[in-house]
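Notes to accompany the following structure.
Every read-out reported here was derived from the displayed coordinates using simple, explicitly stated rules and does not represent laboratory data. Since we're looking at a predicted model, the values are computed, not measured. Cβ sites come from the backbone with ideal geometry, for glycine too, and all protein chains shown count toward neighbours.
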Amino acid sequence: MKIIEIDNLKKVFNGFVAVNNVSFDVDKGEIFGFLGPNGAGKTTTIRMLCGVLKPTSGFGRVAGFDVIKENEKIKQHIGYMSQKFSLYRDLTAGENIDFFAGIYRISLSEKKRKKRWALEFAELGGFKNTITNRLPPGQRQRLALVCALMHSPSILFLDEPTAGTDPISRRRFWNLIYRLKNEQGVTIFITTHYMDEAEHCERVALIQRGKIRALGKPAELKKGIKEKVLLVQGTPLPLIKKAAEQSAAERIIPFGSSLHIFLKDEADAAELKQRLKNLDVKITRFTAITPTLEDVFLSVMEQQL
């Protein structure tokens, strides 16, 4: 069942096309990832789907409601957590939960039950009387998450929710996302810059300059790279890069102290290895690897540029 359906959705600001005829759908209960560089159109798309921003043209339906004609009804069925921390920092964790329960007009008896659930779910039971600004970033993010869930939405929009948190906090946050999907059937629509997080999504859309450039399951997107990918590490790295540029390399992507080099076939790999040997380059790693989602992302962006 499709819970989000988008067809040629477009948004123009004073002549600038922020989102350009975007089309995709999201299944009910799916974790759907939205990837793209800053300014690609991710947040603008989410704001249209949430009924906050009116599209210039196109069609969209969220939770069964038209994004143009029934945008107020959409807001009753969705939760939204922005990339900027949106809670009141001078209130306690418990007071923030109470405040959002009031916004969603939850009854007193239901609010007590939901508050107990929220504090337990976010692992904040011992911090309900702590001023929010004194909570570590990871706890604040979990608090923001449960505040967005107080009215039990069927769809949760998360706009770079783990930005600025440490890896352990990110892992705990994702454990909560999985619980929401598996225990409550919540549909998750998430934007992120972390490629390891995108790997956790069931499907991923890559957006650049307002257009969808690739869409599919992470494994499918990686299989879409037909070239042989070599991980090459050694010294001096600039010389390795120059040798690859002079060989049959299709693309060269830096990865820390190594390079991912895209070649057409085994013969090109052998030719590059011999070229490096002739240059007396010290090679510590020269091995074929399975393309990563970051390889896909950077390749798509590079091809478009």
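Here are a few things to note about the model shown:
- Taking the C-alpha atoms only, the angle from helix 293-304 to the longest principal axis of the chain is near 80 degrees.
- Across the range 1-130, C-alpha contacts under 8 Å between residues 6 or more apart give a mean separation that, scaled by the residue count, equals a relative contact order of 19 percent.
- The mean sequence separation of alpha-carbon pairs under 8 Å and at least six residues apart, normalised by the residue count of the chain, gives a relative contact order of 19 percent.
- Among Val62, Val186, Val281, Val52, sorting on how many other beta-carbon atoms sit within 10 Å of each Cβ, with the fewest leading, yields Val52, Val281, Val186, Val62.
- When the range 148-293 is described by a simple charge dipole with +1 on each Lys and Arg Cβ and -1 on each Asp and Glu Cβ, the residue from Val232, Thr187, Ile289 located farthest towards its positive end is Val232.
- Residue-wise HN-Hα coupling along the range 67-75, computed from phi with Karplus coefficients 6.51, -1.76, 1.60 (Hz; x: Gly, Pro): 5, 9, 8, 10, 5, 5, 5, 4, 4
- For Gly36, the residues whose modelled amide H falls within less than 5 Å of its own, excluding neighbours fewer than 5 places apart on the same chain, are Thr192, Ile207.
- Computed from phi, the 3J(HN,Hα) profile of the range 48-62 under the Karplus parametrisation 6.51, -1.76, 1.60 (θ = phi - 60°) reads 5, 5, 7, x, 8, 10, 7, x, 6, 7, x, 10, x, 9, 10 Hz, with x in place of Gly and Pro.
- In the chain, the longest principal axis of the Cα atoms and the axis of helix 108-121 are about 30 degrees apart.
- Amide hydrogen proximity for Gly79: with H placed 1.01 Å from N in the peptide plane, the residues at 5 or more positions away or on another chain lying under 5 Å are Ile155, Leu156, Phe157.
- In sequence order, calculated HN-Hα J values of the range 94-103 (Karplus, 6.51, -1.76, 1.60; Hz; x Gly/Pro): x, 5, 5, 4, 4, 4, 5, 4, x, 4
- From least to most packed, judged by other beta carbons within 10 angstrom and beginning with the fewest, Tyr178, Tyr194 follow the order Tyr178, Tyr194.
- Neighbourhood net charge (14 Å Cβ-Cβ; Lys/Arg +1, Asp/Glu -1) for Leu298: -2
- Share of pairwise Cα separations in the range 224-304, more than 19 Å, in percent: 29
- Between the range 229-305 and the range 144-184, the C-alpha centres lie 37 angstrom from each other.
- With both labels modelled 7 Å from their Cα along Cα-to-Cβ, the Ser109 to Ala270 distance reads 7.9 nm.
- Placing +1 on the Cβ of every Lys and Arg and -1 on the Cβ of every Asp and Glu, with no other charges, gives the range 42-177 a dipole of roughly 120 debye about its Cα centre.
- When +1 charges are put on Lys and Arg Cβ atoms and -1 charges on Asp and Glu Cβ atoms, the dipole computed for the range 195-305 relative to its Cα centre reaches about 200 debye.
- When the Cα positions of Ser154, Asn14, Thr165 are compared along the charge dipole of the range 2-221, Asn14 comes out farthest toward the positive end, with charges on each C-beta of Lys, Arg, Asp and Glu.
- Max mean-square fluctuation residue, GNM over the chain, Cα-Cα springs under 10 Å, options Asp196, Asp280, Asp295: Asp280
- In this calculation the C-beta distance from Lys217 to Val17 is compared with R0 = 25 Å, giving a FRET efficiency of 0.30.
- Relative contact order [Cα under 8 Å, 6+ residues apart], the range 153-204, whole percent: 51
- Nitroxide proxy distance, nm - points 7 Å out along Cα→Cβ at Asn278 and Ala163: 4.8
- Degrees separating the helix 137-147 axis from the principal Cα axis of the chain, which is the longest one: 50
- Under 5 Å between amide hydrogens, built in the peptide plane, is the criterion, and for Asp27 it picks out Ile3 among residues at least 5 positions away or on other chains.
- For q = 0.19 Å⁻¹, Debye-computed log10 I/I(0) when each Cα of the range 192-266 counts as one equal scatterer: -0.93
- When the chain is treated as a Gaussian network with alpha carbon springs shorter than 10 Å, the biggest mean-square fluctuation among Pro238, Pro291, Pro137 belongs to Pro238.
- Taking a straight line from the alpha carbon of Lys28, these aspartates and glutamates sit under 14 Å away, with near neighbours fewer than eight places off in the same chain left out: Glu5, Glu183, Glu202.
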